[in-house]
Amino acid sequence: MGNQMFQYALGRALSVKHNVPLGLDLTYLLERVPRPAWKNFVFRNYDLGVFNISAKIVSRTEISFLYRPYFSGRLMLLFDAFRRKMFKLPGIEISYNFNQETLSLNPNAYISGRWQSPKYFSSIESIIRTDFTLKRPLSERAQKLKDEIRSARSVCINVRRTDFVENSFHGTFGKEYYDKAIAMIAQSVSITKIYVFSDDMAWCEENLHFNFPTMFVRHEYAGEKFEEYLMLMSACKHFIIPNSSFAWWAAWLNTDKDKMVITPKQWFPDLSKNTSDLIPSEWIRI
């Protein structure tokens, strides 16, 4: 969901700039061809349907000739890889840092990449916040917890593990990172309760112990696409997040000007990947 939110945000910014509709191509997202060369590759589904976004799903014939998906299965993926390598196509992301030229793409642009920087949609921040509200109200259980979170001087801790544990591309952050981050927040503000959200709650309950009341928020609060999890996280006062785009959005969607957000100094283990434009300047990197 988090990656798709970044992609949508740039597309929305360009559509607003040019006053044209935004279309979403799900071809490559929904393709289920095995990727043996990508260790621990995880297939994902389309998750933005839970939000009040302004976009439509497009068919292949609605995509310009140069970018249109051709063939199917492995042949389609090979052809797409060849096309990306042989041609420097506008709208295809080539690095992780912010590229100002992307915002100058024409109204008929096709964009493909991660686009993980708030600089891509800073001009329409209020629109993005509105678009990423939920179509359906929270469940009664989630709403009750959200009210509790908002009434507390709460800290959201997000722990991302599962497919990241044995994935050298992403890597994970252990107990030391969270202990250090909590200590930093406690030095500056008063904490009444910690809320832990994770894809590996068993690990969290076994390894994370703090000197504050703590609730491990289980997945019965997640919602159909984990959208309720996102909204519960966003309701917290302060944030400690890992290298997770999902957690990034939870912190960003919170509009409290006094919030503290602590993130990893290095988003990827590979130091050559420049993510300096990913983290807002007021967030704290450790």
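The values are calculated or read from the model by the stated rules, or taken from the named source; none is laboratory data. On a predicted model such as this, the values are computed, not experimentally measured, just so you know. Glycine gets a Cβ as well: all are built from the backbone with ideal geometry, and neighbour counts include every protein chain shown.
From (1) farther than 17 Å from Pro264 by Cα; (2) at pLDDT 95 or above; (3) in contact with a Lys or Arg (Cβ under 8 Å, 6 or more places away or on another chain), pick out the condition that doesn't hold for Glu166.
Going through the list (1) farther than 17 Å from Pro264 by Cα; (2) at pLDDT 95 or above; (3) in contact with a Lys or Arg (Cβ under 8 Å, 6 or more places away or on another chain), Glu166 breaks only (2).
Residue by residue through region 1-57, note down the ones that are within 23 Å of Lys119 (Cα to Cα) and of a type in the set (Lys, Arg).
Of everything in region 1-57, those that are within 23 Å of Lys119 (Cα to Cα) and of a type in the set (Lys, Arg) turn out to be Arg12, Lys17.
Let's see how each residue does on (1) in the same structural domain as His18 (by TED's automatic domain parsing); (2) within 23 Å of Met1 (Cα to Cα); (3) surrounded by 13 or more Cβ atoms within 10 Å (Cβ to Cβ):
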| site | (1), (2), (3) |
| --- | --- |
| Tyr46 | yes, yes, yes |
| Asn52 | yes, yes, no |
| Phe71 | yes, no, no |
| Phe79 | yes, no, yes |
| Lys85 | yes, no, no |
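Just checking, which of Arg44, Arg68 is basic (Lys, Arg) and under 30 Å from Ala222 (Cα atoms)?
Unique residue meeting the criteria: Arg44.
Looking at region 117-139 only, could you name the residues that are under 17 Å from Asn3 (Cα atoms) and among the β-branched types (Val, Ile, Thr)?
Ile128, Thr133
For region 246-266, which residues satisfy the criterion of being at pLDDT 95 or above, touching a strand residue (DSSP E or B) at 6+ places or on another chain (Cβ under 6 Å) and either part of a loop (DSSP other than H, G, I, E, B) or at positive phi (or both)?
Lys259, Met260
Of these, Thr263, Thr192, which one is surrounded by fewer than 16 Cβ atoms within 10 Å (Cβ to Cβ) and among the hydroxyl-bearing types (Ser, Thr, Tyr)?
Criteria check complete, one pass: Thr192.
Looking only at region 58-72, decide whether some residue is in contact with a Leu (Cβ under 6 Å, 6 or more places away or on another chain), under 30 Å from Leu230 (Cα atoms) and assigned to a loop (DSSP other than H, G, I, E, B).
Scanning region 58-72, I find no residue that is in contact with a Leu (Cβ under 6 Å, 6 or more places away or on another chain), under 30 Å from Leu230 (Cα atoms) and assigned to a loop (DSSP other than H, G, I, E, B), so the answer is no.
Taking region 267-280 on its own, how many of its residues are out of contact with any Ser or Thr (no Cβ under 8 Å at 6 or more places or on another chain) and at pLDDT below 95?
Qualifying residue count, region 267-280: 6.
Pick from Leu103, Leu29: which is among the hydrophobic types (A, V, I, L, M, F, W, C), in contact with a Leu (Cβ under 8 Å, 6 or more places away or on another chain), assigned to a helix (DSSP H, G or I) and surrounded by 15 or more Cβ atoms within 10 Å (Cβ to Cβ)?
Leu103
Residue-by-condition table, conditions (1) outside the structural domain of Asp277 (by TED's automatic domain parsing); (2) of a type in the set (A, V, I, L, M); (3) under 28 Å from Leu24 (Cα atoms); (4) under 16 Å from the mean Cα position of the chain (by Cα):
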position: Ile111; (1), (2), (3), (4): yes, yes, yes, no
position: Tyr120; (1), (2), (3), (4): yes, no, yes, yes
position: Tyr177; (1), (2), (3), (4): no, no, no, no
position: Ala186; (1), (2), (3), (4): no, yes, no, no
position: Phe197; (1), (2), (3), (4): no, no, no, yes
position: Trp203; (1), (2), (3), (4): no, no, no, no
